[in-house]
Amino acid sequence: MYKVLLVDDEVWIKRSLRKEIDWPSFEIGDVAEASDGEEAFRLATEYEPDVIITDVKMPRMDGIELTRIVSRSMPDVKIIILSGYADFELVRQALNERVIDYILKPINRQDLVTAIRRSIDEIGKDRKRREQDFRLKALLDRSLPLWTEKCIYDLLHKELDEDKGAELARMTGLFLTEEPHAVLLIKGSETLSVEAIRTAYARARGESRTPYLILPHFQTEREYLLIAPCQAGSAAAHAEFSCHITCIRQFLADTGEQVHIGVGSIRAGWRELGASYREAVYACRQAALEPDSGVVLYPKRYGRKETNEVIEQIKSYLEAAYREPLTLEGVAQRFYLNPSYLSRLFKQVTGENFIGYITRIRMEEAYQLLMHTDMPVHQVGEYVGYENTNYFSKSFKKLKGFAPAECKKLFR
């Protein structure tokens, strides 16, 4: 139900309005009265009317001044002004104060009814709009964390374009600047939480208010990423950062949480966070494999050595699993690497591209089978990982210079 406040210094006008208007038809259940602007404003702050119908000329405070005050302090209230012809200039000024309408005296009942209906309709629209805004905000509040995690995932695993990066910074207040940051991967038990890590990190860095981010790693309940601001360049800065990490682990240990922490190298600029992330994942996996090692700082332990070590591990895996369906994306995921990064790194270290390396392994094995067994071509192709015999034959001929079927004739 709506509420109306009638403001006029002439009692008979207020009585007439009460009698002649069918207030319940507008879902108006309460009509209050005031004799001047001062009384009306004082009553409005307590009564909280939806609509004020006010005369212009009244003692102490006139209707124009009341309109100005109400429109600023109670912007949702709809105002209808009653005036004579001589008040037109004053009314014209008031129309800039979000007045719904003005009715000339003597009052035409139908004009007033139309103005009241318009006021109630606008109130209904305003309430519906606020309700929609509230629902939208609630939806955004629920979806923003997921959207943020998606953007961070893109930031760490893919190329995050400038527009998306700017939107992420605007929506979350994150740190997408060229300032140095490092990524930590913290692995604990099922009781480990964002709140515990946030408290530990706050204890470690003291009074600093620089923005940082903590979020689940692939939505798991045991691993969390901490993207932390750092000071780069000096040995003292690196020592301070190492001290922070030690404090985090110690605080969590004091709460009964035994964790493994992998720390990526400090990188200048948000575009390089993906490299720090990959190092943190590798370091954390190593820390979990070593019972006595709670923290592994990638730059301190590995430096540049890990590049060749990882590629050698991948080569060993490919040589053992060449018969399985292998993809760059699948192998990258297995070794916690970005696919495009793995592709560049593999080429850089081995001199071969990823697919070419797998193909060469398969064809060497196929050649040996063709030379030293009686297996038919289609079985050899299936054995080394090719379901399509024609594709296998074309690949074999492209690499060896002759078809599989010719192998036995040429070399046996």
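Accessible area of His260 (1.4 Å probe, protein heavy atoms only, ligands and nucleic acids ignored): about 50 Å².
Starting from the Cα of Phe402, move 7 Å in the Cα-to-Cβ direction to define the label point; list residues of the range 335-374 whose amide nitrogen is under 14 Å from there. Under 14 Å, as judged by backbone N against the label point of Phe402, lie 367-368, 370-372 of the range 335-374.
Given Lys14/Lys78; Lys14/Lys128; Lys19/Lys125; Lys347/Lys397; Lys19/Lys105; Lys14/Lys125, which pairs have Cα atoms separated by over 25 Å?
Numbers: Lys14/Lys78 18 Å; Lys14/Lys128 31 Å; Lys19/Lys125 28 Å; Lys347/Lys397 23 Å; Lys19/Lys105 17 Å; Lys14/Lys125 28 Å.
The answer is Lys14/Lys128; Lys19/Lys125; Lys14/Lys125.
Each of Leu289 and Arg360 was given a label point 7 Å from its Cα along the Cα-to-Cβ line. The distance between the two points is 2.5 nm.
Per residue, the range 315-412 exposes 60 Å² of accessible surface when a 1.4 Å probe is rolled over the protein heavy atoms with every protein chain present. Once both labels are positioned 7 Å from their Cα atoms along Cα-to-Cβ, the gap between Glu179 and Phe335 label points is 3.5 nm. The portion of the accessible surface of the range 1-63 made up by carbon and sulfur, rounded to a whole percent, is 47 (1.4 Å probe; DNA, RNA and ligands excluded).
The values are calculated or read from the model by the stated rules, or taken from the named source; none is laboratory data. Everything numeric in this text was worked out from a predicted model, so none of it was measured. Don't worry about glycine lacking a Cβ; one is built from the backbone with ideal geometry, like all the others, and counts go over all protein chains shown. Accessible surface is based on the protein model in full, side chains and every heavy atom, while ligands, DNA and RNA are left aside. Shrake-Rupley method; radii C 1.70, N 1.55, O 1.52, S 1.80 Å.
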